[in-house]
Amino acid sequence: MRDDDSYCERPFPGPTFAEVVARRISRRAVLRGGLAASAAFATVSPAALLAGCGEKDAAPADHGTGVAFAELAHGVDETVHVAEGYDVDVLIRWGDPVLPGAPAFDPAAQTEGAQAMQFGYNNDFIGFVALGGQADHGLLCVNHEYVSPEIMFPAIPEGLDEVARTAALKQQAAVEMAAMGGSVLEVRRKDGKWSVVPDSRYARRITVTTPMALSGPAAGHALMKTAADPDGKTVLGTLNDCAGGMTPWGTYLMAEENFHKYFGGNLPENDPRRASYFRYSIPGGGSWSVLDPRFDAAHEPNEPFRFGWVVEVNPFDPASTPVKRTALGRFCHEGAESIVNKDGRVVVYMGDDSRFEYLYRFVSDGKVDADSREANAGLLDKGTLSVARFNDDGTLAWLPLVHGRHGLDAAHGFDSQAQVLIDARRAGDVLGATPLDRPEDVEPNPKTGKVYMMLTNNPQRGAPGYPPPSGPDPRADNTAGQIIEIAPDGNDHAADTARWELLVLCGDPTREAVGASWNPATSANGWFSSPDNCAIDPSGNLWVATDQGGAWAYNSGLPDPETQAGTLPAGATADGLWYLKTEGEGRGTGRMFFRCPVGAELTGPRFAPDGEALFLSVQHPGDSDSSKWPAFDRPSTFADPATRWPDFKPDMPPRPSVVVITKKGGGRIGSA
Ligand code: FEO
Ligand code: CA
Ligand code: CA
């Protein structure tokens with residue numbers, strides 16, 4: 001997602017609603033003011049916060065070792081780069097066929113019908129599930145998070161009359177809805193090269209209009225009922241699916257992130273639902289109500305409660321109905337990766353990617369049946385959702401979101417467990433969860449049992465009226481982000497407690513004001529800013545993808561973009577993928593492996609089960625933040641984009657694409 005989508009409007013104890021509104025209006029001033037706070041904090045040594053960094057025991061032989069490749073350099077240009085000795089191939093691009101009979105891609109005249117059969121826009125999460133137990137044949141499950149209309153469509157002509165302009169907006173909205181959701185692709189490796197199997201019986205497109213079921217405690221609650229669905233158990237489509245997850249039984253979890261952005265209109269002043277709307281930044285100013293009135297909150301006030309969930313999809317059956325699993329809570333979900341706990345239950349870790357939001361964990365009541373996918377079908381409907389409180393002493397407490405306990409009752413506006421889940425953010429507020437610097441992807445490492453949480457950034461940290469630096473969020477005006485390592489007590493992912501450590505404080509370690517902290521072995525290309533997605537390879541190594549958003553051109557961690565206009569500071573780089581060592585002497589050392597084209601963010605890293613292929617989502621290449629690239633230096637549009645990657649043809653706009661990385665001559669990605 002773009003960084004500017006995550007601005008926090010939420011009131012903390014202290015400021016009034018009017019103050020919050022005033023603050024929003026003076027946002028730029030707040031960002032500048034943060035500079036002083038950041039400099040003051042730099043007097044505290046970040047190294048002191050990195051308990052254990054560089055002081056770990058030697059790594060076990062089967063993980064954290066054996067990664068060796070010639071590091072890539074920071075930089076920015078029109079195309080992708082990978083470390084020497086590796087190939088990068090485009091697997092599928094926006095507009096390529098997914099369903100049998102999909103028409104050829106015509107970007108100048110895209111239609112809803114064509115788009116619904118073709119690969120969608122802004123590919124994000126990638127899941128892989130093997131077919132027939134083979135590492136070279138499987139299903140790729142890919143989210144399409146959002147759309148970038150300014151570079152995917154020709155501009156709507158000026159001077160149209162009202163009727164013609166409305167028709168054009170409707171046509172565009174219909175294509176946008178068909179371009180989002182997800183794709184299921186059958187992929188195969190032959191002679192060392194991966195390709196999409198044409199006309200596969202597994203091929204599927206999921207969009208904003210695909211019928212879905214609601215299940216779990218919130219299904220059927222009064223807030224889930226609409227005119228179109230008086231039972232509150234069926235909903236059309238999914239919105240803004242970002243990082244997600246694959247379950248141990250091979251289903252695909254789509255996680256709905258910034259769903260609020262798609263709703264316009266508002267409730268009357270005295271409507272009791274306004275408190276919940278406000279806590280979820282609804283309405284977010286969407287324009288789709290021109291086509292479908294359910295996206296107008298004034299017309300259908302309960303529709304926004306039916307988004308913000310985790311959706312489970314059976315990728316083996318393209319006719320199956322996706323299910324929104326409400327037991328996993330409603331928030332701006334980022335990531336839903338899981339692990340089978342030592343007692344056999346499944347544990348799902350989930351971030352809520354907005355500034356000052358929380359980390360969540362779901363523990364199923366039932367145990368995973370390793371022999372039958374069908375037997376696990378309802379496992380995500382019954383269990384306990386908890387939210388994390390990080391204590392400054394390095395301990396972490398999981399606080400259960402259970403109706404009737406610890407204030408989650410009628411006195412705080414919760415009528416049932418359903419409402420606790422629908423208003424999970426408000427429930428976390430009541431329990432005293434720790435507000436974090438934008439929790440993005442969270443992944444358990446099955447080799448070590450440790451869990452890695454990416455905190456991408458938070459320039460509002462420490463600003464007047466907002467929470468000060470503390471614990472896992474130690475820097476004010478934090479533009480660079482940090483990575484937290486969590487070790488469940490007793491290696492029990494269902495335990496009430498865990499311990500946490502800062503693994504790295506991101507940003508340029510050579511600039512003192514940034515307050516970054518890396519292992520000293522990290523090179524000038526090994527540090528990064530704004531960790532977003534991550535992946536654990538089959539050997540247990542951690543790989544981190546970045547999303548610096550519009551800050552890419554100054555995101556060495558320097559807080560003031562204005563002073564950097566027109567030039568790129570040393571160290572500026574497009575987003576990419578880094579290996580980050582977590583064990584042994586080199587713990588906290590980064591190494592750059594892959595780099596995106598200008599304006600793109602890297603998402604969805606996923607290793608094939610044998611570790612010999614790495615699938616990556618290159619999202620929004622040539623997006624408008626490309627204007628900060630001095631070599632382009634103007635708005636990037638469909639007619640005049642900053643890059644035309646990956647086709648580089650004059651009539652082809654930039655196309656979000658999934659690429660696959662392989663090692664020349666074969667072998668595990670990263671291996672010596
Ligand atoms: Fe969609 Fe939080 O990135
Ligand atoms: Ca993301
Ligand atoms: Ca991930």
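Read-outs throughout are calculated quantities, based only on the coordinates presented, and are distinct from any laboratory measurement. Owing to the predicted nature of the structure, the values given are computational and were not obtained by experimental measurement. All Cβ positions, even for glycine, are placed from backbone atoms using ideal geometry, and neighbour counts span all protein chains on display.
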request  = Per DSSP H run of at least 4 residues, take -39500 (n - 2.57); add these up for the chain, divide by its residues and hand me the 222 nm value, nearest 500 deg cm²/dmol.
outcome  = -3000 deg cm²/dmol
ask   = Where the only charges are on Cβ atoms (+1 Lys, Arg; -1 Asp, Glu), what is the dipole of the chain about its Cα centre, to the nearest 20 debye?
value = 400 debye
query = Can you work out ³J(HN,Hα) from phi for every residue in the stretch 331-344, in order, using Karplus 6.51 cos²θ - 1.76 cosθ + 1.60 and θ = phi - 60°, giving whole Hz and x for Gly and Pro?
reply = 6, 7, 4, 9, x, 8, 8, 10, 8, 7, 5, 5, 8, x
query = Which residues' amide hydrogens lie under 5 Å from the amide hydrogen of residue 234, considering only partners 5 or more residues apart or on another chain, with H built in the peptide plane?
reply = 214
task = For the chain, give the share of DSSP beta bridges that are antiparallel, in percent and rounded to the nearest 5; count only bridges with both residues there.
result = 95 percent
query = Which order results if 387, 363 are arranged by neighbouring Cβ count within 10 Å, fewest first?
reply = 363, 387
task = With an 8 Å cut-off on Cα pairs and a minimum separation of 6 or more residues, tell me the relative contact order of the chain in percent.
result = 17 percent
query = Using a simple spin-label model with points 7 Å from Cα along the Cα→Cβ vector, what separation in nm is obtained for residue 197 and residue 227?
reply = 4.5 nm
note = In the chain, taking the dipole from +1 charges on Lys and Arg beta carbons and -1 charges on Asp and Glu beta carbons about the Cα centre, the listed residue (79, 226, 266) farthest towards the positive end is 226
Positive-end residue, the chain charge dipole about Cα centroid, Cβ charges, pick of 216, 285, 593 = 216
request  = Report, by chain and number, residues whose modeled amide H sits under 5 Å from the one on residue 86, excluding near sequence neighbours (fewer than 5 apart, same chain).
outcome  = 664
inquiry  = Is there a quick way to get the dipole size of the stretch 215-298? I mean about its Cα centre, with the Cβ of Lys and Arg at +1 and of Asp and Glu at -1; what is the value in debye to the nearest 20?
reply    = 160 debye
note = Along the stretch 214-229, Karplus-curve 3J(HN,Hα) (6.51, -1.76, 1.60; θ = phi - 60°) to the nearest Hz, with x for Gly and Pro, reads 9, 9, x, x, 8, 4, x, 5, 3, 6, 9, 8, 10, 4, 7, 9
note = Protection proxy (average C-beta count within 10 Å per residue), highest first, orders 378-384, 469-475, 340-346 as 469-475, 378-384, 340-346
task = Just name one of 171, 198, 502: the one whose Cα is farthest towards the positive end of the charge dipole of the chain (beta-carbon charges, Lys/Arg +1, Asp/Glu -1).
result = 502
task = Can you tell me the dipole magnitude for the stretch 482-551 around its Cα centre, using point charges on the Cβ only (Lys, Arg +1; Asp, Glu -1), in Debye to the nearest 20?
result = 240 debye
ask   = How far, in nm, would the chain grow between residue 365 and residue 70 when pulled straight, counting 0.36 nm per residue and subtracting the alpha carbon separation?
value = 101.6 nm
inquiry  = Quick check: pseudo-label points 7 Å beyond the Cα along Cα→Cβ at residue 170 and residue 158, how many nm apart are they?
reply    = 2.6 nm
ask   = So how much slack lies between residue 343 and residue 416, counting 0.36 nm per residue of separation and subtracting their Cα-Cα distance, in nm?
value = 23.4 nm
request  = Order these peptides, 277-284, 424-431, by their mean beta-carbon neighbour count within 10 angstrom, highest first.
outcome  = 424-431, 277-284
ask   = What is the distance, in nm, between label points placed 7 Å from the Cα along the Cα-to-Cβ direction at residue 647 and at residue 610?
value = 3.3 nm
inquiry  = I need the phi-derived Karplus couplings for the stretch 469-483: 6.51 cos²θ - 1.76 cosθ + 1.60, θ = phi - 60°, integer Hz, Gly and Pro marked x.
reply    = x, 5, x, x, 10, x, 10, 6, 6, 7, 8, 10, x, 7, 10
key: Alpha-carbon centroids, the stretch 656-672 and the stretch 224-278: separation in whole Å   = 37 Å
remark   = Output for the stretch 251-284: GluC sites (Glu not before Pro) sitting in coil per DSSP, at most 13 other Cβ within 10 Å, listed by number, reads 269
